[in-house]
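Just below is one structure, and these are the notes that go with it.
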């Protein structure tokens, strides 16, 4: 677990601006997302390094319901945190999100994702090294896949980052919820040193950059 490099954090507004422009020029994926009798929740799954950070970030976003920290993309069933930390299971630390696409379209979730971690470092976030810390979008349908690929192309074309985005775009496989003590970690441990040094700054950044997306 580590602190995101400051240079990556500084690019958050630029990332948001690029992807917001992309979203404005594309048809929204929220069309027909609601049935006549009420909202239809959808799933999104992202891996952006330490899941404590990613979970805390998305819990701030309007339209997001449950956010579960866990493991995805590996070959060992029901992995433990200790196993995943070896890097040998193939899993990434990730979050599975339930969201209402009428309140927050998938493209907006992508904006938050790319603005709150460094998607250009392969199998690492800062000092956290290993395949479990890789950057990944695990799509649940072809629309999510297309949106992620389009976002990555836009970021590379605009050269927002000094290096190319290495985020993997992979079909979602079995998601294994992490142990109970990992859930709501920032909320339950706000003064833990890692939370103070890494998670809190990301949450503060989201509150500043994405004011229009925050829960009331």
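The values are calculated or read from the model by the stated rules, or taken from the named source; none is laboratory data. Here the structure is a predicted model, which is why all the values come from computation and not from measurement. Glycine gets a Cβ as well: all are built from the backbone with ideal geometry, and neighbour counts include every protein chain shown.
Of the listed requirements (1) under 24 Å from residue 202 (Cα atoms); (2) buried (at least 17 other Cβ atoms within 10 Å of the Cβ); (3) in contact with a helix residue (DSSP H, G or I) (Cβ under 9 Å, 6 or more places away or on another chain); (4) at pLDDT below 70, residue 14 misses just one: (2).
Could you say whether any residue in region 113-123 is free of Cβ contacts under 8 Å to residues at least 24 places away in the same chain, over 25 Å from residue 210 (Cβ atoms) and in contact with a helix residue (DSSP H, G or I) (Cβ under 6 Å, 6 or more places away or on another chain)? Scanning region 113-123 turns up at least one residue that is free of Cβ contacts under 8 Å to residues at least 24 places away in the same chain, over 25 Å from residue 210 (Cβ atoms) and in contact with a helix residue (DSSP H, G or I) (Cβ under 6 Å, 6 or more places away or on another chain). Report yes if some residue within region 163-181 is under 24 Å from residue 43 (Cβ atoms) and part of a helix (DSSP H, G or I); otherwise report no. Within region 163-181, one or more residues are under 24 Å from residue 43 (Cβ atoms) and part of a helix (DSSP H, G or I). Residue count for region 125-141 under the criterion of being part of a strand (DSSP E or B) and over 11 Å from residue 167 (Cα atoms): the result is 4.
Only one entry in 184, 212 is surrounded by fewer than 18 Cβ atoms within 10 Å (Cβ to Cβ) and more than 12 Å from residue 57 (Cα to Cα), namely 212.
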